[in-house]
1. Can you tell which of C:Leu298, C:Leu308, C:Leu283 is over 19 Å from the mean Cα position of the chain (by Cα), at pLDDT 95 or above and within 17 Å of C:Ser256 (Cα to Cα)?
2. With the condition kept exactly as written, say whether any residue in the stretch B:66-74 is within 21 Å of B:Asp283 (Cα to Cα), small (Gly, Ala, Ser) and under 14 Å from the mean Cα position of the chain (by Cα).
3. Which condition number in (1) farther than 28 Å from C:Leu109 by Cβ; (2) among the aliphatic types (A, V, I, L, M); (3) within 14 Å of chain C (Cβ to nearest Cβ) is the one that B:Leu307 fails?
4. May I ask you to verify whether C:Ala202 is modelled with pLDDT of 95 or more, of a type outside the set (Lys, Arg), surrounded by 17 or more Cβ atoms within 10 Å (Cβ to Cβ) and touching a helix residue (DSSP H, G or I) at 6+ places or on another chain (Cβ under 9 Å)?
5. Would you check which residues across the stretch A:10-32 are touching a residue at least 40 places away in the same chain (Cβ under 8 Å) and either hydrophobic (A, V, I, L, M, F, W, C) or within 14 Å of chain C (Cβ to nearest Cβ) (or both) and list them?
6. Please find, within the stretch A:52-67, the residue that is surrounded by the most Cβ atoms within 10 Å (Cβ to Cβ) out of those that are in a loop (DSSP other than H, G, I, E, B) and within 12 Å of the chain's Cα centre (by Cα).
7. Here is a check on your reading of the model: is A:Gln66 at pLDDT 90 or above, under 27 Å from C:Lys130 (Cβ atoms) and polar (S, T, N, Q)?
8. If B:Ser231 satisfies every condition in (1) in contact with a Gly (Cβ under 8 Å, 6 or more places away or on another chain); (2) at pLDDT below 95 but one, which is the exception?
Amino acid sequence: MFYKISVPPVADVEEIRVLEWHGDPGHQFKAGDLVVELETHKAIVEVRAGQDGVLRKVLSDAGNWQQIGLPLAILSDGGTEALPEDLNAIADLAVEFEIT
Amino acid sequence: MTAEEAKDALRSMMLIRAFEEALAKKPDHGFQLLSTGEEAVAVGICSALSLNDQLLTGGRSIGPALARGCDPRRVMAELLGKSSGTNRGKGGRGHLADPTVGFFGSHAVVAGNISIAAGVALSMQMSRTKSIVTILFGDGAFGAGALHEVLNIAATWKLPLLFVCNNNQLSVSTPRATALAPKNLSDIGLAFGIPSKTVDGMDVNTVAGAAGEAVDWVRSGRGPAFLECMSLRFASHSTTARETRSKAELAEVRTHCPILKQAAALRTAGIVDDMIEAQLNSDVADIIGEAIAFADASEYPDPAEALTDVW
Amino acid sequence: MSGSFTSAVKKLFFREAIARAVREEMRQNERVFVLGQDVGAFGGSYREFDGLFAEFGSERVRDMPVAEAAMVGIGVGAAAAGYRPIVSITYMDFMMLGFDPLINYGAKLRYKTGGQLTAPVVVKTTAGAKGQGVAHSQCIEAWMMSVPGLKVVAPSTPADAYGLLKAALREDGPIVYVDHKRLFPVAGEVPFSESFVPIGKANVCREGTDITLITHSYMTRVALDAAKLLESAGISAEVVDLRSLAPLDISTLGASVQKTGTLVTLEEGQVTCGVGVEVIRRLQELLGPFPAERVGALPAPVSSNRVLEEACLPDASRVAAVARKLLEKKQ
């Protein structure tokens, strides 16, 4: 199964800047692991994996900007399935996020 | 003070007195706050200042400006609204300024110059100069929030700022006792950890001595100091303000003349005699005469100057 | 701007644009320093001074107690003595406490001293309503537009936040720089290389032909939204961001109204003696009469109450409705 993680709905924020990915494509995240840090106009948002998954494709590199609700990365259960053609069809994965 | 300095102080006070008398005689003298009776405060304070120090005052500015070394001709011209004045005729008494002689300026808003003075002091601190700033204000400014805010910041940052309160005990019609709570106004310094003193402002030697001590403290970088000089105003608050004291009260007040006091003290010390005093009077009269002549011969500004120096 | 290098841009948060301007000026001129509450290690209430304390230290990025009158006066005094301070007043409402030193001394200093002294101080402040209540919501820039000797600027984008602040820090007299609570979440492109936005130049941020919307600060974004609504109704609106309220760029404003023939001014502050009525009058002096309307907050204090605040503040539909009505009346 593929999942995409998107920019979480941080209050009073229109768009974020991706600060740092905490793993390259191929990296196995466990539930609760810090996946990526995002920067808002106010603070840093830590986005954590809601479940285990392998990072397959980063859609927004560090330093790039993304709107609230739009995709950041694709993950999958296993590490080997080929990426689907239509990334838009991929289900959203809920993430935990913490503002620091 | 040395003998020479003491004589200079007498001369300086005589200059202020004569200047203001000459000014008051002019039919077009305008709205003025005079220092009559309070000359020792201005002269005593200024005697302790160095060339690169800056003095800021409130509206009772003429005495302090002259004591600090502003050119009497240009001060007279300014007061009479001529463009040859220190401020091109545009400021008048309330805003007299000549930073080149260390008179950063007067400002007519009561207590309005206090935070400005702290800013100038901050600039000196940041530039690592040995210069200091003196802010001179009256008991009338003592109730203002600005003073208390600035005392706090000056003490916290150890600004090179000397606060001098010329307490002539009357703010227009309000006696100090009915308006201000501290027993001595200098008690305020205790609240902020600032060394403070109250002295007799009618004796120029006393003022000079206390000012010297306070200036040394401030210049050493240990922070601000507060000096209260008790004085007496010989006339009403301003040329338009009504006098509130009785004739008898005024007569008593005028027996404390700082000029007569200093002249008498110098005579006793053998520094001044009839001839020297006559010479001083003559010197002063010459200076005043020149100042009046200069101002009278000067032009008023062109009306177009109403729009210059705005931006 | 010319040359491919200078057109390179970088996307920054509004606050980063401000910090960048201040940092550049502080690096180039050791006399630039910052005074304010929570500007030091805290980096400013909106993080608009982030990084400055670490780079320049406590002497040049100074935290102050809450004492706006003293703070503004100290800034003005230091400026008069040759420094170039930025006095940061977190809420524009509290500029009122600093009016005496800013207006009675700072704005009048050059004049009252006959040119001997001047106070190059930037008073930076954040205006606007965003749920914080009647005394933490005001936009009072109009009050300062009429002070001879005082300039007033207001950016609406990160690029202008950067460029106007750079320019403000090079001015030789006092200048008020007004940003807005609702602009801090905004990100935008800022020139990559050092640049300035001239004081006294408005910006046509959306071209149009049927009606001109003149506005400033956060309301520029509302005006742009209103222009989109009008577009769907077949009306082409031109949006002009004042950027500089004193001095006004009458030339750019006049050219726009000459083209469209109709004007709606939009501000978040009060319309009584507001920015809009001054703009309308000045343009009518230039162009003769033309249909004009001003939009601003309701004549009431702006409560923190969400319902009441929303009722008070202009929004895109209100602006679009005023614009349509004005154009209908014209026909």
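The values are calculated or read from the model by the stated rules, or taken from the named source; none is laboratory data. In this text, all values refer to a predicted model and were calculated from it rather than measured experimentally. Every residue, glycine among them, receives a Cβ derived from its backbone with ideal geometry; neighbour counts consider all protein chains shown.
1. Answer to the selection: C:Leu283.
2. If we filter the stretch B:66-74 for residues that are within 21 Å of B:Asp283 (Cα to Cα), which is where we start, we get B:66-74.
Remaining after also requiring small (Gly, Ala, Ser): B:67, B:69.
The next check asks that each one be under 14 Å from the mean Cα position of the chain (by Cα); those that pass are B:67, B:69.
Yes, the stretch B:66-74 contains a residue that is within 21 Å of B:Asp283 (Cα to Cα), small (Gly, Ala, Ser) and under 14 Å from the mean Cα position of the chain (by Cα).
3. (1)
4. Yes.
5. A:Val10, A:Val13, A:Glu14, A:Glu15, A:Ile16, A:Arg17, A:Val18, A:Leu19, A:Trp21, A:Phe29
6. Per the stated criteria, the residue is A:Ser60.
7. So A:Gln66 passes the test.
8. So B:Ser231 meets the others, but not (2).
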